Structures are given as C-alpha cells and as structure tokens.
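Values in this text are rule-based calculations from the coordinates and carry no lab data. Since this is a predicted model, take the numbers as computed values, not measurements. Virtual Cβ from ideal backbone geometry, glycine too; neighbours counted across all protein chains shown.
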Amino acid sequence: MAQEYGLGRGLASLIPQKNKTSENGPDFSLNGNIIDESRDENGSGLGNDLNEISIEKIQANPYQPRTNFDQEKLAELAKSIKNHGIIQPLIVSRQGDGFELIAGERRFQAAKLAGLEKVPVVIRQIDDKQKLEMAIIENVQRHNLNPIEEARAYKRLMDDFQMNQEEVAERMGKNRSSVANKLRLLQLPVEAQKALVEGRITEGHAKALLAVDSQEKQLMLLGMILKNNLTVRQSESKSQEITVKTHNRKMKVDPETKNLENRLADFFGTKVKIKSAGASGGKILIEYYSDEELDGILEKVL
C-alpha cells in the first residue's frame, strides 16, 4: 500500500482550519476571509467540513511541475483508495463551470483509476502564481519531484512571474544557493538530464559534469560514469583530470598559431580559434554572439 505522508508546513496552510461553529454551520478562515465549506457543488449542505464534487468536473493543474508518475505506485494508491477512500482532500479552485486542481495530482489520478465518481475537496480562489507555488510546495515537501522537474519549476516561477532566485528561495523556504544549484542542472546536455531523471546518475554526478567546460566533454564523462558505474568521488576525480588536460593543451598553443588567432580576431572583431590537425590540416573556429555579428562576419568573408 502506498505510504501517505502528513501535510508539510506550507501545504497545511492551504487547508482552512476550523473555527468555532456559527449559528449557520461551520465556518473556515482563509487568509482572513470567512467562507462556508459545508456545501457541495450545487450549494447543498454535506454535513461535514469538506465539499464533495464530481471528478469529471475537475481538470488538471496546468502549472503542475511533476511530469513523471510511477505507474505501479499509482496503481497501489488506486487500490488503497478503492478500499479506504481518499483520506486527504484535493485542493481546487473554481474554473468556469468546473474546477481546476491546485494540489493532490497523484490522488486525483489514482481516484480516476479507482473509478471514483466524486472526491472530497477544499475550494480555494487563487491566482496562477499561487497555483504554481502551491503545486511546487506540495511536491517538494513530499519529495515527489526529480531534480530536473524541481529546477524547471523554479525557472518557470522566474520566467512567468518575473521572480529572481532570492524571491523563489524565500517562497519555497529554501536558501538561494540551493535554488541556484538546482537551476544549474538545466545547463546539462539533454542526455545527462535524462539520466538524472531516470536515476542513472545522482545530483553529485551532475555536479561533477557541470565542472567540465563543454558539453562535448560532459557527454564523454557521462559515458564513462554510466559505462564504469563510477561513484560521485570517482566522477569528480575524472572531471578534474579532464579540466587539467584541457588547461595543459591550451597552454601548449605555439606562439605562431596564437599570433594568427589574434590577427584573425582583430579582422573579424570576435574570438577565433585555430585547431591544428598536423599535416592533415585543421579548423578555424569563428565565434559569434548575435545575428548581427554573424552578418558582419559574412560580409567580410563573402
């Protein structure tokens, strides 16, 4: 049977706490607003502290940061729900004639698998930013998100709602360096991100990969980690070896080649690297950082 965890501090604050019973029935306070939660979707009293609504009227949270669900554990939860019902209510907001899920995605999916027609809910009226925050808080506190999902969730807060790292950290109850380290994972090659999501490497391995200065070398190190089942410490050692070798190769550039690089850089107005392959030739790499720079380079070449 899937384990159920108690509410964390952030999520617990989303569910209204019961006040003293008024003459008209139980009232609940939501951030200072008193509402009656003892009504069903049609306004009929249920005689308890929750609403109960048709599962068909609930749509998924578009801000749900979690994309990977363990289907076996989901089936176990569905079986438990069949036997015992939903112990912890879903949190929803009104959306037109229906409702939109805020928190409880896994219970919602399992309830559908279990064939439930109605589910217990608490209704909150919140904006899109709060929906994303609450979905992240629930998943982070329950350790449901993999590192890449968590990083993408933080980035979405920053991109969609113009928040900086400090603000994201404050809202999530974390320190800024923790948020920054998560966001750095999105700089990894797609293959490395996938390996992290699938659990084939850890965040420690990912940190070792990020210490390498190019995606080509990161992919090479990733291959070594997966092929040889390297530990984090071994991966860090390999990362340092690659960095030192790269530095040594840079130091061995002969003066004539360096001089040519400088002359080409002056001509094109950007960084130029010459990679010699000995008697068989080599490559000239011209870097550019905008479409305008590329147009300027092409005008000089064509």
Residue farthest toward the positive end of the dipole of the stretch 143-249, with Cβ of Lys/Arg at +1 and Asp/Glu at -1: which of Ala192, Leu226, Gln215? Leu226
For the stretch 177-302, calculate the relative contact order in percent as a whole number, restricting contacts to Cα pairs under 8 Å that are 6 or more residues apart. 14
Quarter of the surface of the C-alpha convex hull for the stretch 143-249, i.e. direction-averaged projected area in nm², equals 7.4
For the stretch 147-192, what is the relative contact order in percent, using Cα pairs closer than 8 Å and at least 6 residues apart in sequence? 44
Only Lys, Arg, Asp and Glu count, each charged at its Cβ (+1, +1, -1, -1), so figure out the dipole size of the stretch 253-301 about its Cα centre, rounded to 20 debye. 320
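Give me the dipole magnitude in Debye, nearest 20, for the stretch 135-218 about the Cα centre, with unit charges on the beta carbon: positive for Lys and Arg, negative for Asp and Glu.
Approximately 160 debye in magnitude.
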